[in-house]
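Colleague: Below is the structure I would like to discuss, written out as structure tokens.
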2 protein chains.
Amino acid sequence: MARLYHVPLSPFCRKVRLVLAEKKIDCELVEERYWEQNPDFLRRNPAAKVPVLRIDGKTMSESGPICEWLEEMYPDPQLIPDTPDERYEVRRLVNWFDDKFHHEVTSKLLYERVNKKVTGQGYPDSKNVKFGAQRIKFHLDYMTWLLDHRRWLAGDRMTLADFTAAAHLSSLDYISDVDWNRSEPVKDWYAKIKSRPAFRKILIDQVPGFPQPPHYSDLDF
Amino acid sequence: MARLYHVPLSPFCRKVRLVLAEKKIDCELVEERYWEQNPDFLRRNPAAKVPVLRIDGKTMSESGPICEWLEEMYPDPQLIPDTPDERYEVRRLVNWFDDKFHHEVTSKLLYERVNKKVTGQGYPDSKNVKFGAQRIKFHLDYMTWLLDHRRWLAGDRMTLADFTAAAHLSSLDYISDVDWNRSEPVKDWYAKIKSRPAFRKILIDQVPGFPQPPHYSDLDF
């Protein structure tokens with residue numbers, strides 16, 4: 001059985017969990033307090049980050065390369081399409097969320113409100129929180145524009161881009177930082193993703209000190 | 001002919017330039033002062049970053065997805081190998097340099113010393129510069145460890161991982177921030193990459209206000 005070292009609200013870990021679940025790969029979850037730099041964990045990943053996936057005798061880090069490997073080794077269901085142009089668009093959006101969205105929104109809201117407290121780094125910086133709360137509007141509007149032109153974020157089929165975006169938004173939704181009333185298309189898109197069997201375990205995550213808000217696991221949020 | 005919107009010392013732009021040159025794709029370089037947020041440029045890339053590549057009627061952003069697309073459309077010479085395990089290792093190292101190395105070293109040295117001045121953001125933060133100068137030692141040692149076990153960074157063949165690492169190191173070498181005496185294996189590896197025809201244009205880059213040091217373009221540095 002595969003084993004994933006993770007933390008529950010990390011969007012990078014959630015992306016890997018969603019891909020594993022979509023591909024019906026059984027996986028044991030192990031919470032890893034990576035910031036404590038346990039020597040055993042550092043041996044598994046010198047970059048000292050989660051996720052780390054142990055599967056088929058290999059130990060892998062970095063969510064991007066892990067998801068590409070899973071797609072190549074476990075191609076069913078297909079989450080990265082066939083043609084170079086479609087593949088580019090999926091990867092562009094994966095990067096958009098893991099880089100730009102992460103930098104402007106996830107790190108400014110989730111990391112300030114949750115990670116700082118959990119890792120003992122003090123209180124949220126209100127300037128960062130304000131910046132993140134402002135920028136998420138731009139990103140929700142960009143998603144609305146995409147979804148006005150396409151059924152899913154990267155085209156007419158559900159892909160890794162959708163799971164990447166949903167990983168970030170679900171982590172932010174856990175701390176009630178997503179205004180679902182801003183965009184009907186984004187809300188409809190998230191409702192479709194949220195009701196997938198692969199999402200079930202994400203919806204029962206619990207983080208000590210941060211109780212789940214009632215709408216978080218509600219499929220009619 | 002392809003057209004790349006870039007800035008000369010950006011390691012992400014240099015990675016794409018090296019891949020284009022290795023694959024013998026003719027490309028016109030256009031310097032883009034992306035921080036001025038020119039509306040024409042924002043239309044080409046709403047993320048407001050370089051590189052942006054115009055090729056075969058497409059406009060693409062994000063160096064990672066661009067390089068994967070180039071590899072799929074122009075497979076000769078091969079820069080990402082065939083098997084999922086080898087592909088994973090190449091992508092892991094591409095991420096290592098574009099994420100961890102960039103965060104700990106490139107952004108702390110190059111961005112403080114050059115980008116801040118060029119974009120009018122003031123003087124280098126000496127705390128950051130000190131941190132970067134310290135962390136580059138760890139990364140050079142990690143490269144040494146890899147090169148003690150392999151001919152190239154990701155295995156026995158030259159790959160995208162080598163060009164990614166060389167893109168970062170060459171930008172830092174332009175401002176004399178790489179101590180080549182620290183590691184014989186790393187110096188030998190860089191000498192091999194530096195002497196490739198694909199590297200020539202990188203070695204004639206000039207940035208106003210930052211004269212090229214003599215060793216930068218010297219193949220016997």
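Colleague: For the range B:76-118, count all C-alpha to C-alpha pairs, find those more than 11 Å apart, and express that count as a whole percent of the total.
Modeller: 68
Colleague: Separate question: Taking amide H atoms as placed 1.01 Å from N in the peptide plane, list the residues 5 or more away in sequence, or in a different chain, whose amide H sits under 5 Å from that of A:V207.
Modeller: Distant-sequence amide H within range of A:V207: A:Q212.
Colleague: Give the carbon-plus-sulfur fraction of the accessible surface of the range B:68-177 in %, rounded to a whole number; probe 1.4 Å, heavy atoms of protein chains only.
Modeller: 52
Colleague: Placing the label point 7 Å from Cα along the Cα-to-Cβ direction, what are the distances from A:Q78 to the equivalent spots in the other copies, shortest first, in nm to one decimal?
Modeller: The answer, with the shortest distance listed first, is 2.2 nm.
Colleague: Give the value in nm², to one decimal: projected area of the alpha carbon convex hull of the protein assembly as shown, averaged over all directions.
Modeller: Seen from a random direction, the Cα hull of the protein assembly as shown projects 20.8 nm² on average.
Colleague: By how many nm would the segment from B:E86 to B:F138 grow when fully extended, if each residue of separation counts as 0.36 nm and the alpha-carbon distance is taken off?
Modeller: Gain in length upon complete extension: 16.3 nm.
Colleague: What FRET efficiency do you get for A:V207 and A:K24 if R0 is 25 Å and r is their Cβ-Cβ distance, rounded to the nearest 0.05?
Modeller: Step by step, r from the Cβ atoms, then E = 0.40.
Colleague: Please work out how much accessible surface A:V118 shows to a 1.4 Å probe, ignoring ligands, DNA and RNA, in Å² rounded to 10.
Modeller: My reading of the accessible area for A:V118 is about 60 Å².
Colleague: Roughly how crowded by other chains is peptide A:88-99, in terms of the mean Cβ count from those chains within 10 Å of each of its Cβ atoms?
Modeller: For peptide A:88-99, the averaged partner shielding equals 5.
Colleague: When the dipole is taken about the Cα centre of the range A:65-190, and only Lys, Arg (+1) and Asp, Glu (-1) are charged at their Cβ, what size is it in debye, to the nearest 20?
Modeller: The dipole of the range A:65-190 has a size of about 760 debye.
Colleague: Since chains B and A are linked by a rotation, which residue in B has the beta carbon closest to its axis, and how far is it in Å?
Modeller: Minimum Cβ distance to the axis, with residue: B:G64, 4.
Colleague: Across the range B:195-205, in residue order, what do the Karplus-derived ³J(HN,Hα) couplings come to in whole Hz, using 6.51 cos²θ - 1.76 cosθ + 1.60 with θ = phi - 60° and x for Gly and Pro?
Modeller: 8, 6, x, 4, 7, 3, 5, 5, 7, 9, 4
Colleague: Return one whole number: the accessible area per residue of the protein assembly as shown in Å², for a 1.4 Å probe.
Modeller: 45
Colleague: Once you've got the Cα coordinates, tell me which of A:K15/A:K194; B:K15/B:K127; B:K108/B:K194; A:K116/B:K116; A:K127/B:K100 are over 18 Å apart.
Modeller: Table pairs above 18 Å Cα-Cα are B:K15/B:K127; B:K108/B:K194; A:K116/B:K116; A:K127/B:K100.
Colleague: Per q in 0.28 Å⁻¹, report the Debye log10 I(q)/I(0) for the range A:2-73, using one uniform scatterer on each alpha carbon and no solvent.
Modeller: -1.49
Colleague: Ignoring ligands, DNA and RNA, how do A:W145, B:W189 rank by accessible area with a 1.4 Å probe, largest first?
Modeller: Ranked from most to least accessible, the order is A:W145, B:W189.
Colleague: Something else about it: Taking the Cα-to-Cβ direction at A:Q37 and at B:L42 and moving 7 Å from each Cα, how far apart do the two end points lie in nm?
Modeller: Using points 7 Å along Cα→Cβ, the separation is 4.2 nm.
Colleague: A follow-up question, please. Taking a point 7 Å out from Cα toward Cβ as the label site, list the nm distances between A:A47 and the same residue in every other copy, smallest first.
Modeller: Spelled out, the distances from A:A47's label point are 1.6 nm.
Colleague: Just to confirm the numbers: B:E28, label point 7 angstrom along the Cα-Cβ line, distances to the other copies in nm, shortest first?
Modeller: 6.0
The values are calculated or read from the model by the stated rules, or taken from the named source; none is laboratory data. Model, not experiment: these values are computed from the prediction. Heads up, the Cβs are rebuilt from the backbone with ideal geometry, glycines too, and the neighbour counts pull from every protein chain shown. Surface accessibility is based on the protein's heavy atoms, side chains included, excluding ligands, DNA and RNA. Shrake-Rupley method; radii C 1.70, N 1.55, O 1.52, S 1.80 Å.
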